[in-house]
1. Once phi is turned into ³J(HN,Hα) by the Karplus curve 6.51 cos²θ - 1.76 cosθ + 1.60 with θ = phi - 60°, what whole-Hz value does each residue of the range 58-64 show in order, with x for glycine and proline?
2. Calculate one ³J(HN,Hα) per residue across the range 2-9 by plugging θ = phi - 60° into the Karplus curve 6.51 cos²θ - 1.76 cosθ + 1.60, and present them in order as whole Hz with x for glycine and proline.
3. Hey, what do the phi angles of the range 22-27 turn into as Karplus ³J(HN,Hα) couplings, whole Hz, using 6.51/-1.76/1.60 and θ = phi - 60°, x for Gly and Pro?
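Every number in this text was worked out from the coordinates using simple rules, so none of it is lab data. Bear in mind the structure is a predicted one, so any value in this text is a computation, not a measurement.
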Amino acid sequence: MIQLDESRLRFEFGESWMVVRYDKSSSFRSISVLNGELWDGDAPRNQGTKAVDFVAVREGALFLIEVKNFEGHERGTRLRLERELDLEIGLKVRDTVAGLVGGVRSGMLPEPLASAVARVADDGQKVHVVGWIERDDPPPSKRWMTIGDDPVEDRIKQRLRWLKPKVLLCSRERPGLVDVDVTRLARD
């Protein structure tokens with residue numbers, strides 16, 4: 001079993017998973033040196049390299065997993081949830097895919113991750129983009145976490161149409177991933 005903590009959540013991946021905490025990996029750190037600023041008129045804009053939290057392989061399939069825990073913070077982040085979540089996930093997936101391809105080419109990715117990334121490129125195997133999103137109970141009129149009828153899910157698919165991913169939105173109530181258990185950690 002692989003146990004990883006992110007955003008006050010503990011993820012326990014069963015034996016069927018190979019998981020890398022990608023945003024802390026040496027492969028990601030090697031490309032994050034590309035961070036810098038571009039100038040827009042008189043103001044600099046930070047141009048940082050982004051990454052999803054976890055990159056995983058299960059039964060040869062590649063999963064890019066981004067974790068967002070808005071529990072207890074939703075009032076202050078409602079605008080971000082509704083307007084920016086799809087863009088944020090899209091940018092992280094874009095930079096992660098670029099980093100993974102570079103990692104395969106440079107030999108920096110471990111197996112079976114390197115083979116899964118190569119299969120995506122060579123065989124056109126689908127990439128699974130998972131947004132693990134915890135939030136306070138949405139009001140009845142908010143249906144964005146309803147799997148299959150989901151505006152946020154549709155916006156993520158639209159942003160990533162170049163990748164043609166399978167997009168899943170998950171939470172503890174709607175887990176969606178086989179052999180993965182998630183529990184809430186106590187606040188510090």
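1. The phi angles translate into 9, 6, x, 8, 9, 10, 10 Hz.
2. 10, 10, 9, 9, 8, 6, 6, 10
3. Taking θ as phi minus 60°, the curve returns 5, 5, 10, 7, 5, 4 Hz for the range 22-27.
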